[in-house]
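Every read-out reported here was derived from the displayed coordinates using simple, explicitly stated rules and does not represent laboratory data. Because the structure is predicted, anything quoted here is derived from the model rather than measured. For neighbour counting, all protein chains shown are included, and Cβ atoms are generated from backbone atoms with ideal geometry for every residue, glycine included.
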Amino acid sequence: MDVSVIIVSYNTADLTIKCLASVRAAAGKKEIFVVDNASTDGSAAAIGKQFPEITLIENPQNMGFGAANNRALKICRGRYVVFLNPDTVVRPGTLSRAVSYMDAHPDVGLAGARILNPDGSPQESISWRYPGEKFAKSETKGLPGKIACVLGAFMIARRPLIDELGGFDEDFFLYGEDEDLAWRIREKGFSIGYIEETEVLHWGGQSEARTPPPELFEKKLRAEYLFYAKHYQPQTIARIKRSQRRKAIYRLITLWLTTPFSRDRQAHENKTRCYRLVLAMTRS
C-alpha cells in the first residue's frame, strides 16, 4: 500500500463527495479514510452510500482536526499518509507524483502540494517562518531545511515517522496542529518539502463559514499561543506579547478615532473585538 488518505469531514457533505471522487480516480495503490466529526448535514450517510469501499469512521462528537486524524492513523497501512482537507479536489497525477517525490527525497519527512483557488490562481502554499519566529532565533536554530510548514490542505508524510511522533498533538483543536507537526518533524532531523508538480484545488474555510469573524480570530489566536507555550522559551513569549500588545493598543486607538467615519460598522466592531482579545491574551 503506497498511500493512506485521511479526510476529516465536518458539515461539508457536497465538497467531501467531490474530494472523494477525485481521490478515488487517482492512480496508485491507496486506501481512503473519512473521519466524520459528528456532522449534522448528513455527511456520513451520503459518503457511506456513494463510497462503500472507503473506511468511514463516525465520531460521536466533534473531536477536532488532529484527534480525528489520529483515529484513522491507528489503522493506516500505507507507506505514506496524506492528510487532505474535505474542501479540496486532487488533480490527476498528484498522489503518484507526491509518492515519487517522497521516495526520491529521503531527507523530507513531510511535504505539501501546490495549492490553487477554484479559479486556478495560486494560494500561499508555503510558510517560511513560524508564528513569532523573529523573536525565536535561538529556538529555531538548527532546525533542518528552510520551509517552516506547508498549507495543511494537502500534506504527505512518512507514516512510520508520524507513528513515532504519535500523530497530531490533540491539544490543538483546529488551528496550529500543522505547524506543530512540522516543527516536531524537523526536530527529528527531517526537512519539510514542497512538490511543485502537484496541484490541489482548495475552497478554504468551508467548515468555519458560519463562524463569526471574532470567534474565528480567537480560535486562531489561542492556537498560536499554544504553539508558543509548547516550543518557545518564556522570555521569547514575553517579547512576543510586548510586541503584540503595542500593536493592539495602537490599532485600538486608531479604530476609536476613526469610528465616526466608518462605513462598515460591523467590520469596525469586529476589528475592535479582535484587538481587545489580543490585549487580554497578552495580560494572561
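Values for this structure:
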read-out: Cβ-placed point charges (K, R +1; D, E -1), dipole of the chain about Cα centre in debye, nearest 20; value: 1240
read-out: Computed helical MRE - 222 nm, the chain, DSSP H runs ≥ 4 contributing -39500 (n - 2.57), nearest 500; value: -14000 deg cm²/dmol
read-out: Å³ per residue enclosed by the Cα convex hull of the chain; value: 137
read-out: Fewest-first ranking of Asp87, Asp119, Asp169, Asp163, using other Cβ atoms within 10 Å as the exposure measure; value: Asp119, Asp163, Asp169, Asp87
read-out: Mean Cα-pair separation over length for the range 3-207, i.e. relative contact order, pairs under 8 Å, 6 or more apart, %; value: 27
read-out: Cα-only radius of gyration and Dmax that characterise the range 187-273, units Å; value: 18.3, 54
read-out: Stretch in the chain that is longest and holds no trypsin sites (Lys or Arg not before Pro) that DSSP places in a loop and that have at most 14 other beta carbons within 10 Å; value: 211-262
read-out: Using alpha-carbon coordinates, inclination of helix 94-104 to the longest axis of the chain, degrees; value: 90
read-out: Contact order relative to length of the range 153-258, as percent, for alpha carbon pairs under 8 angstrom and 6 or more apart; value: 26
read-out: Antiparallel DSSP beta bridges within the chain, as percent of all bridges there, nearest 5; value: 35
read-out: Across Lys188/Lys219; Lys220/Lys271; Lys219/Lys241; Lys247/Lys271, pairs whose alpha-carbon gap is larger than 22 Å; value: Lys188/Lys219
read-out: Shape of the range 26-175, Cα gyration tensor, a/c cut at 1.5; value: prolate
read-out: Distance between the range 91-115 and the range 1-43 - C-alpha centres, whole angstrom; value: 19
read-out: Cα-based shape type of the range 104-238, given that a ≥ b ≥ c are square roots of the gyration tensor eigenvalues and the cut on a/c is 1.5; value: oblate
read-out: Overall Cα dimensions of the range 131-203, principal axis frame, Å, largest first; value: 36, 26, 23
read-out: log₁₀ of I(q)/I(0) at q = 0.21 Å⁻¹ - the range 233-283, Debye sum with one point per alpha carbon; value: -0.71
